Amino acid sequence: MKQSPKFDKVLLPQKGTCIEVEDDQLQVPDDPIISFIEGDGVGPDIWRASRRVFDAAVEICYSGKRRIEWMEIYAGEKAKKKYGEWLPRDTYAVVRHLHVAIKGPLTTPIGGGFRSLNVTLRQELDLYACVRPVRYFEGVPSPIKRPQDLDIVIFRENTEDVYAGIEWKKGSQEAKKIIDFVSRELGFEISKDSGIGIKSMSVFATQRLVRRAIQYAIDHKCPSVTLMHKGNIMKFTEGAFKEWGYAIAKKEFNDSTIAESELSSQPGGSAPKGKVLIKDRIADSMFQQILLRPKEYSVVAAPNLNGDYISDAAVAHVGGLGLAPGANIGDTIAFFEATHGTAPKYAGQDKINPGSMILSGVMMFEHLGWQEVADGIVRGLAQAIKARTVTYDLARQMEGAKEVRCSEFAEAIVRHMKEA
Ligand code: NAP
């Protein structure tokens, strides 16, 4: 067992056992210590409601034989008060030690050249895959006719692309240097009044992301993995993402995958049973495809920026941000998070929909291997929505709905879990 490290201003709880990683496998005890960041704005409201659901679900499933020992860690405004900084070293150290964490939304500090706390966390902890499942719950209002046909899991690369934050302001020394260099050495003219951003995409980062997406598809018996890219225009970054994606499928998953280009030689032109189809689509067409032919998509692997856009667009089909879970995953650390922001105008009102955080918890329990807890929560949530007992965001679009508070929605989920 690892030695317990010393943290500056937090202590490991007296009770509970640390999760270990052995041979790349998570070793989950019956009383794991899991760290959480409450978050800013509506964070405390949704965390309180979510924790109520998580603890009740574990108790319902295991009657005291298993339980979560929660450990609070700090980021955002609470960290600023406790540590005098937005993202203290303690937070990274605890997450590295415990391997699993869950968080609410964080305010991005304005001014002073701050990077987003979320982007910083992902980069510092090398959480290279942002995983966002998008599925429909019966009864949720949707702008499309058959939202139930969309059931996808998006794997978004988290560490590079134009999104990595390597950029310089118009007129800065750095921007001038790059503009001069590109003109002098490479023969391309860039307008002198330009801001500059660097878009870089590597074989390593692409392939570890696509590897993860394919492995997920195999483990969950998903029919396909789609590589989403804009390679017709950005050939050596996005186009390379596609090529490197196909290459890793061929090299490491040849027995369990088949590329779309190989289908013509197959009987009926379709993928053999049990094989995951690897295909690619241009990013702009992908937005049409998930609207017009959602059933043809299952797992989607995308570079950073495409992945960000398609995630929010897809979530809009099935009820919006209130029901959008996510996880940022590295080789040994998984950080689960509500994907919406701090929604400051609703802070402290016990009003907002906690569904995004609750469903992120569902992903967390699946990651721990506590599948019955995950299933129980999904059933409870689905039943609460079906009974039209929902928070304001869904109630305003649902006929005959009973609008409840954030905490009451959690209680409704618990009630339905108990009844199931
Ligand atoms: P936001 O906080 O996501 O809120 C925008 C709107 O989305 C809300 O006013 C609300 O719409 C709806 N919404 C968000 N969460 C909801 C929920 N749980 N249930 C129901 N509706 C929900 O976006 P923002 O106002 O652009 O950002 C505010 C702050 O959050 C910024 O500081 C930003 O940097 C930060 N942020 C953090 C994260 C993160 O930590 N992961 C992500 C994004 C943004 P209605 O008003 O129509 O009800």
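Tabulated values for the structure
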{"read-out": "Subset of segment 80-110 [under 19 Å from THR342 (Cα atoms), more than 13 Å from the ligand (Cβ to nearest atom) and open to solvent by less than 10 Å² (accessible area, probe 1.4 Å)]", "value": "ALA101"}
{"read-out": "All positions within segment 62-79 that are open to solvent by less than 80 Å² (accessible area, probe 1.4 Å), in a loop (DSSP other than H, G, I, E, B), more than 16 Å from the ligand (Cβ to nearest atom) and not small (Gly, Ala, Ser)", "value": "ARG66, ILE68"}
{"read-out": "Residue in segment 344-353 that is in contact with a strand residue (DSSP E or B) (Cβ under 8 Å, 6 or more places away or on another chain) and either within 11 Å of the ligand (Cβ to nearest atom) or at pLDDT 95 or above (or both) present", "value": "yes"}
{"read-out": "Qualifying positions in segment 123-140 - closer than 21 Å to ARG379 by Cα, open to solvent by less than 10 Å² (accessible area, probe 1.4 Å) and within 14 Å of the chain's Cα centre (by Cα)", "value": "VAL134"}
{"read-out": "Matching entry among GLY326, GLY322 (being within 12 Å of the ligand (Cβ to nearest atom) and over 13 Å from the mean Cα position of the chain (by Cα))", "value": "GLY322"}
{"read-out": "Hits in segment 1-25 (condition: open to solvent by 50 Å² or more (accessible area, probe 1.4 Å) and either within 15 Å of LYS82 (Cβ to Cβ) or part of a strand (DSSP E or B) (or both))", "value": "ASP8, LYS9, LEU11, GLU22, GLN25"}
{"read-out": "Failed criterion for PRO303 (all others in (1) closer than 27 Å to LYS199 by Cα; (2) open to solvent by less than 10 Å² (accessible area, probe 1.4 Å); (3) at pLDDT below 95 hold)", "value": "(3)"}
{"read-out": "Within segment 263-276, considering residues that are under 20 Å from ALA213 (Cα atoms) and out of contact with any helix residue (DSSP H, G or I) (no Cβ under 6 Å at 6 or more places or on another chain), the one most open to solvent (accessible area, probe 1.4 Å)", "value": "LYS273"}
{"read-out": "Output for segment 29-61, where each listed residue is part of a helix (DSSP H, G or I), free of Cβ contacts under 8 Å to residues at least 24 places away in the same chain and away from the ligand (no atom under 16 Å from the Cβ)", "value": "ASP55, GLU59"}
{"read-out": "Qualifying positions in segment 163-181 - under 30 Å from ASP126 (Cβ atoms) and open to solvent by less than 60 Å² (accessible area, probe 1.4 Å)", "value": "ALA164, GLY165, SER172, ALA175, ILE178"}
{"read-out": "Failed condition for ALA213, given (1) crowded, with 18+ Cβ neighbours inside 10 Å; (2) free of Cβ contacts under 8 Å to residues at least 24 places away in the same chain; (3) within 20 Å of GLU160 (Cα to Cα)", "value": "(2)"}
{"read-out": "Number of the exception - THR159 against (1) within 26 Å of ALA213 (Cβ to Cβ); (2) of a type in the set (S, T, N, Q); (3) open to solvent by less than 20 Å² (accessible area, probe 1.4 Å)", "value": "(3)"}
{"read-out": "Output for segment 377-398, where each listed residue is among the basic types (Lys, Arg) and more than 17 Å from ILE60 (Cα to Cα)", "value": "LYS386, ARG388, ARG396"}
{"read-out": "Subset of segment 31-60 (residues that are under 22 Å from GLY380 (Cβ atoms), open to solvent by 30 Å² or more (accessible area, probe 1.4 Å) and more than 21 Å from the chain's Cα centre (by Cα))", "value": "ARG52, ASP55, GLU59, ILE60"}
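The values are calculated or read from the model by the stated rules, or taken from the named source; none is laboratory data. All values reported here derive from a predicted model rather than from experimental measurement. Note that we place each Cβ from the backbone using ideal geometry, even for glycine, and neighbour counts take in every protein chain shown. Please note that ligands, DNA and RNA were not included when accessible areas were found on the heavy atoms of the full protein model with its side chains. Shrake-Rupley method; radii C 1.70, N 1.55, O 1.52, S 1.80 Å.
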